[in-house]
Every structure is written in structure tokens, then in C-alpha cells.
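**Q** Take a look at this one; I'll ask things after.
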Amino acid sequence: FMSGINIFQEWRTDKTIQALKDLSSPKVKVIRNAEIIDVETRDVAAGDLMIFEEGDRISADGKILEMFDLGVDESTLTGESETVWKRVNNIDLDAENYWKKNCCYSGTTVIQGSAIVEVTSVGAATEYGKIGAALVSVTQGATPLENQTRKLIKVCALIGAGLFVLVTVFTFYSLANDPYMLTNLFERITHSIIGGITLAMAIIPEEFPVILTVFLAMGAARLAKKNALIRRIPAVETLGAVTVLCVDKTGTLTQNKMTVQETFTLKDDVKNVEDFKMYSVLGCENQPYDPIEKAILAYANSEDYFSKITKLVSEYPFSSEKKMMGHIWEIDGRNCLAAKGSPESILPICVLSDEDYKKITDEQMRMSTQGFRVIAVARKCDITQIPDELEQNALEFLGLIGLKDPPREAVPNAIKKCTKAGIRVVMITGDNGITAQSIARKIGIQNPDNILTGKEIDAMSDEELRAACISTNIFSRVIPNHKMRIVQAFKDAGEVVAMGGDGVNDAPALKLADIGVAMGLRGTNVAKEAADMVLLDDNFTTIVETVKDGRRIFDNIKKAVGYVFTIHIPIVLMALICPLLGIPVLLLPIHIVLLELIIDPTCSIVFERHPAERDIMDRKPRSSKESLASKDVLIKSLLQGFAIFATTFISYIYLMNVLDWPQGEASSFALTILVFANLFLVYVNSSKTDFVFGRFFKKNRVDYETGRVRRIDKVVVGVNIGIVSALLLIVYSPFGNLIAKTVALPPNAFIAAIAIAFVATVWWEFVKLAGHIKRKTK
């Protein structure tokens, strides 16, 4: 088994590494010996001069020597979808950023323009290579549930082995009073061992593997229907223990779609607003790739304007240095310039009064502080001679456009659910702090004023970062190494961390986190391979729903474990006390095997299908150290188990000693009580607070997990019918009597056994009632 796990883990690592390799183009153009040749990506060496054009994937890290309007998509590295406009020479401001504007990085894509790049790093020395090395170095430990189950089974196994030896020895010496057994040593030893095996079978909870397998497998199937694909089955339960949820901003909390949020014009009259819209459209490409231009065209209904104009006279292409562009169109026989760009570039070439300039810059500052991407729009009409440069035109200012990637509609409500459930939502983004803070305030992330940047993280020790994480929910301008340090800091502080991401840069943090959540629609293969769960809809609310379902699964596992303990207690006591008192054995090994066949489907299938408690997302996250057999579970199991034992054992003794029933009939009666006690106990323990009759025996009932009306569960009904049918077959068929050593019971005795089982289990409803009254009083 362990060898199989090792092989599987190695296979996953190989797939991850292969996904890293596949990010590179198979061939790249390089200049060698004054010739342009195509070489395999793996053959690129430091010092080569690479040539890139629009659509090419960059194959190595390098410094830009020459370029023409080079725009690069670096989202797989930075997590931010905006095009990065490169330049040849570095500037002082750029020295503070990890990702340099005068450099290109392996695995990124050229969106616009062309460049000649000198290779500085290849393979493992590139930024992608560093991420791959970090990914391979991360090891995943056992989940809390795996550790708890291992400890519980070891304890039960030790107890079972000890009692087996004890009962075997005690039975062997107790049979010394029987002359027949004293002279027949073989039968004496056989009887002693059978007694010990019966007790060992009774106490060892062999249902645990069945419970975990069925619960986690069915839980994964349920989550798949909710657009969450589980890649590592134990992660299903760990979701319920999450205390910190780290997520990327772009595409997870936001729509990953730039939209026009606000506009500003100096004059609000209809004509000026119409001119502003028209020239905003004419300043864009007709079929743009840039998400900002797409948003402007959608805002202004571009078809209405482009349909009226057919001739483009000239254009000033966008320049990353000038940060502006312009198109000259022929409109009604006149040449008119439509220009747009950053306000810092457009405003200096506009003819404005001091009053208007101040009004515009104040509005620009207001938009910027709210996290908007601000674009200025201007025009010039009646151009007779077209200047060589855009800045040689004297422009008329028309207005400002404020764009933003808006939050997903359902995110604020999901954040509220997380906060109520005691889960911290932490934003980790490569974007600037102002934009991140604006989004955080809008969606309701707690404590948005405290922002930690990547540069500040670099200056911190691990202990200082761990202390800073206590009060920080926004991390901006981060790189892959920062994400790993942040996740590790939360884990060192005792948190159970879920990490969401989509890029290669997120992969090491995804693997390091207790739960790695990759985006299925826009996520890279590397991120998906490193994650425990893949979201098929890239939706933050899906993460919240999986956390809710993880809590439901752990709740039901605890109920199933409590049920197993409860039903084993009467079996253990009867297997132990009968030999001690010298009375005929009530349960034979075959009876225990038959009971196990009843317990397994009951505690796995039936308990797994129970809906969530109504307060499932009102509680704080459970501790990762919380035991499956907690104090309250053990106390409840002892009380319920002893009640079932007492009623069953007393009935057995009463039937034999008072009513003089044969041992076979009395044993069959006791077996019937145990079987129906199993069934009733499932319903009694299905909820900690809801009453059995209201939750299960009503025709229609509300499912607190979905809010919908639930019908009677046909699967549960089918399991119950199967169990009762098996009991009838065992008790009333000659074949069943032969196999199970049972005797057919009179109908009134069968009904009496059901009534006793009902009393032995349903009394716990009065305990629930007392708790309900106590909560009402509070």
C-alpha cells in the first residue's frame, strides 16, 4: 500500500515537472553567427539573442536590447491579467519591483510588438525554474483525520488484544470446574479461544475504514456536482477545519473583466457626453485585444459610432513610454483626432484653464484612490496638417473614464458567511495595495487598512511575518516565494490554511497549504497538478460551499463513529460478562459477523447522507487536533450503549430464568433487539438538536444545507428495508436458522423485541429536549 502511494506521488511530481516543461514553445528564433535560425527551446543558452513577435511564448529569462511597443502577458507569473508594457532602459522606480520592465521571463506570452532579448538565465535558473524547484521541495503531510483515525485504531487494537488474552485465559481456568472440559483439553482450549475471538471481534471497530472510504468518496462525488473536483480524497474532510482562506484577487474575488465604473466630463450637457462617448470609442482599436479597450467599447455601444465612419486617415500607435495613443478619422469631410491615455500624458497637451485643470486632477485622484484605472479622453478637430508626434497636437479635453475589475456579485455574501463561520479571508495579490484595499472594502474583508507588501515581507524574519499575519488580511505586490512564506507563517501559527490560485507562481503555495484550490477554467496545468481541489467554475462561492460540505462530512463521521462505539458496547459487554457469570454465550461469532454486516451500511451510507445541521456555518472552525472520539462522543456512546446492553441482557436473562425459554429462542430475541436498536439509533443520532420524528418521519422537511424541501431519502429507506428483510430471513427461514443458530420467534415476541429496542434508544430524545429548553432559556 505504501509503495503504491509513493509511486502515485512520484507520478504526480513527474506530471507537474512535465507541465512546467510544456509551458515553453518547442522552438525559438535566435541570432547566432549573424544569422537568424530556429532552435529547440532546450538548446537556448545564456548569451543567445532571441527574437520574439506577437503571439510567441518566451523561452528563457533575458534582458531587452531592442523592442517596438512590446506588451507581455505575465499573468502566469504575477497573477495579474493586465498587459505589461516593456521598455529597454530601466528607471529608478522599477528597481523597487521584483518583475522588471526591461526584462522578459520564461513562460510569458508576447501580446503586442516585437523585441530582441539577450538570454540571461535558462532552465532551473529562470523564475519558472525556481518555482519548479520550490514545488518539488514541498512535501505534504497526513491530514488531521488520517492522524486521528490511525491513533484511534491503534488504541482499539491494543485494547482488543489485551481483552482477547484476558478472556481466553479467564475462560480456560473457569472451565476447570467442568469435569468434561477438564478431561478434554482440546475442547477447553477451543472454547476459551472462541470466547476471546468473540470479544476481540466485538471491540475492534473494523467499520472505520469503511466509514472513511465511503464518506470521503461520496463526499468527493457530491462536491463534483457543485463544481469542485477533488484530486486528493482526504482533503474532503480537511475542508471543514479551514480557519484561513487565502485567495487571489483577480478572477477569484473579481470577475477578471475590466468594466467602466465611473466617467467624468467637464460639462454634463447631452452633446458633450455624446462627444465624449464617441471619441472614447474612436480612440480604441475596432477589434481590440486589450481588456481596457474592450470595456470602453462595451460601455459606449461602439457599433453606433464605427458604422458611421469608414476611413481611418492616420494613427499614433500606443507607446509604453508615452502611455497614450490616437486615431485620426475622416468625419463629415474633416480630419479629427481621437486620443486617449493616462491623464499624466494627455492633460499636458490639452488646452485647459487652471480651474479646469485642478477640477480634473482632483477627480483623477479621487478615482485612483478608489482603485480605478483612469483613462483620459481628448480630441482635436479640423486637422489640416498631421503632426509627426501625438504630443505636437493641442487637444480639447473631453473626460475621464474610471475602469475596474468588479467583484463577483456573490462574493460579499460569501465573505459574510466565512466571517460568521470564524474563517479569515486573506487576499494575496500581485496588484498594488490601493486597488486591493478598494476591493477588500467593497466585498467586506475584515481589517482592510493593514496592508503588507512583498518588499516589507522580504525585510521580515519568519517570526516577524508570523506575528504580522495575526492582523494582516491583505498582501500586495507579492511573488511566489512570498506566497509560500505567508502560507507557512499561517500554518506555523496553528491555522488550517486553504490557498486558492491559478498560475504557475501559485503552485508551490498550493502544494504547501493544507488545502490547495486551483482554478479550473483559467488555471495552469501546473497549478491544477499541485492542488488538492480544482474549481470547475473559478468561483469563490464554490470554495465556501466546499468548506460547508467539509464540515457536514466531519459532523457525520463523528456521528458514525459515535454510533459504532455505541453499538459495540452492548456486544462487548455481553461477550465479556457471559463467560464471567458462567451463563450461556448470548452472541456467537456468527451473530457478531451478521451484526457487522448491518452496522457497515448503516454507519457509512445512511450517516453520510444526513443533511447538515442548521448551525453548521454559525460555528467556529473545529480544531485540527479535535479527536473523532471526543469526550462528548464517548460519554454519549457509553450512556446509549449501556442502555441497549441493559435492556437486551435483562431480557435475555428474564426469558431464560423466569419464563424458562430455551437458550436459542432467548438469544434470537436478544439479537432482534440489537438489530432494531441499530436502526432506531441511526435516527436518534442523526442530529444533535433536531428531534427524530420531526427530522425523519415527516413526509416533507427542510434541508438546512440547501434550504429546499427534502423528500424521504429512498436510499436510506432501501437500506432499512434490506436490514429488516435480512433479520426476518435469519429468524424465520430454516436456512437462516441453520447458518445463524437462531430460532423462529412468535409474532408477539418479535413485536415486543421491537418495542424494547425503541425504548432502549429513543429515550435520548428527552436529553435533546432538555438541551433545547436550556438553549431557549438562554
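Please treat every number below as a calculation from the coordinates, not as lab data. These figures come from a predicted structure and were not determined experimentally. Please note: Cβ atoms are built from the backbone with ideal geometry, for glycine as well, and neighbour counts cover all protein chains shown.
**Q** Multiplying the sequence separation of Gln392 and Asp458 by 0.36 nm and subtracting their Cα-Cα distance, what value in nm do you get?
**A** That pair, Gln392 and Asp458, stretches by 19.3 nm at full extension.
**Q** Counting only Cα, what are the radius of gyration and maximum Cα-Cα distance Dmax of the stretch 555-638, in Å?
**A** Taking only Cα atoms of the stretch 555-638, I get Rg and Dmax of 16.3, 53 Å.
**Q** I've got another one for you. Label-point separation (nm) for Val759 and Ile36, each offset 7 Å from Cα along Cα-to-Cβ?
**A** It works out to 9.6 nm between the two label points.
**Q** Once label points are set 7 Å from the Cα along Cα→Cβ at both Thr369 and Lys322, what is their separation, rounded to one decimal in nm?
**A** Here the answer is 3.2 nm between the modelled labels.
**Q** Shifting gears a bit: Among Val377, Thr83, Val719, flag the residue with its Cα farthest along the positive direction of the charge dipole of the chain, charges on Cβ as +1 for Lys/Arg and -1 for Asp/Glu.
**A** Of the candidates, Val719 comes out farthest on the positive side.
**Q** Below 11 angstrom from the Cβ of Arg466, what's the summed charge of the other residues (Lys, Arg +1; Asp, Glu -1)?
**A** Surrounding charge for Arg466 is -3.
**Q** Further question: Mind listing which trypsin sites (Lys or Arg not before Pro) in the stretch 600-682 are in a DSSP loop and have 16 or fewer other Cβ atoms within 10 Å?
**A** Here the trypsin sites (Lys or Arg not before Pro) that fit, given the DSSP loop and packing criteria, are Arg609, Arg614, Arg619, Lys625.
**Q** Further question on the same structure: So if we plug the beta-carbon distance of Ala157 and Ala124 into 1/(1 + (r/R0)^6) with R0 = 45 Å, what FRET efficiency do we get, rounded to 0.05?
**A** Using R0 = 45 Å, I get an efficiency of 0.45.
**Q** State whether the stretch 434-482 is rounded, prolate or oblate according to the following rule on the C-alpha gyration tensor (a ≥ b ≥ c being the square roots of its eigenvalues): a/c under 1.5 gives rounded; otherwise a/b larger than b/c gives prolate, and the remaining case gives oblate.
**A** oblate
**Q** Also, quick follow-up: Cα gyration tensor of the stretch 499-636, axes a ≥ b ≥ c as square roots of the eigenvalues: rounded (a/c below 1.5), prolate (a/b > b/c) or oblate?
**A** Since a/c reaches 1.5 and a/b is larger than b/c, the shape of the stretch 499-636 is classed as prolate.
**Q** Can you compute the FRET efficiency between Tyr289 and Ser471 using 1/(1 + (r/R0)^6), with r the Cβ-Cβ distance and R0 = 41 Å? Round to the nearest 0.05.
**A** E(calc), rounded to 0.05, equals 0.50.
**Q** Where does helix 433-443 land angle-wise versus the long Cα axis of the chain, in degrees 0 to 90, nearest 10?
**A** Around 50 degrees separate the two axes.
**Q** When a/c is below 1.5 the answer is rounded, else prolate if a/b is larger than b/c, else oblate, so apply that to the stretch 466-517 with a ≥ b ≥ c taken from the square roots of the Cα gyration tensor eigenvalues.
**A** Oblate shape, in that a/c is at least 1.5 and b/c is the bigger or equal ratio.
**Q** While we're on this one: May I ask you to derive the relative contact order of the chain, considering only C-alpha pairs under 8 Å and at least 6 residues apart, and to give it as an integer percent?
**A** 13
**Q** Continuing with this model, one more query. Would you kindly state how much longer the chain becomes between Asp449 and Leu659 on full extension, computed as 0.36 nm times their sequence separation minus their alpha carbon distance, in nm to one decimal?
**A** 67.7 nm
**Q** Can you match Cα extents along the principal axes in Å to one of these, (1) 125, 63, 47; (2) 98, 62, 48; (3) 109, 101, 68, based on a calculation from the structure here?
**A** (1)
**Q** Once both labels are modelled 7 Å past Cα along the beta-carbon direction, what's the Asp382-Arg609 spacing in nm?
**A** That separation, rounded to one decimal, is 8.2 nm.
**Q** Which net charge results when you count Lys and Arg as +1 and Asp and Glu as -1 among the other residues whose beta-carbon is under 12 Å from that of Ile328?
**A** +1
**Q** Report the FRET efficiency, 1/(1 + (r/R0)^6), for Thr777 and Lys420, where r is their Cβ-Cβ distance and R0 is 35 Å, rounded to 0.05.
**A** Computed FRET efficiency for Thr777 and Lys420 comes out at 0.90.
**Q** Determine the percent antiparallel among the DSSP beta bridges restricted to the chain, to the nearest 5.
**A** Percent antiparallel among DSSP bridges in the chain is about 75.
**Q** With +1 assigned to the C-beta of every Lys and Arg and -1 to the C-beta of every Asp and Glu, and no other charges, what is the dipole magnitude of the chain about the Cα centre in debye, to the nearest 20?
**A** Here the size comes out at about 3860 debye.
**Q** Hey, got a sec? Which chymotrypsin sites (Phe, Trp or Tyr not before Pro) in the stretch 227-299 land in a DSSP loop and have at most 15 other Cβ atoms within 10 Å?
**A** Tyr289
**Q** Pairs to check: Lys455/Lys511; Lys63/Lys442; Lys417/Lys559; Lys151/Lys548; Lys249/Lys322; Lys101/Lys130. Give those whose C-alpha atoms are more than 31 Å from each other in this structure.
**A** Lys63/Lys442
**Q** Just to confirm the number: angle between the C-alpha axis of helix 2-22 and the first principal axis of the chain, 0 to 90 degrees, nearest 10?
**A** That helix lies at roughly 10 degrees to the long axis.
**Q** Put +1 on the Cβ of each Lys and Arg and -1 on the Cβ of each Asp and Glu in the chain; which of Val273, Asn97, Asn737 then has its Cα farthest toward the positive end of the dipole?
**A** Asn737
**Q** If you line up the long axis of helix 411-420 against the longest principal axis of the chain, both from Cα atoms, how many degrees apart are they, to the nearest 10?
**A** Its long axis makes an angle of about 40 degrees.
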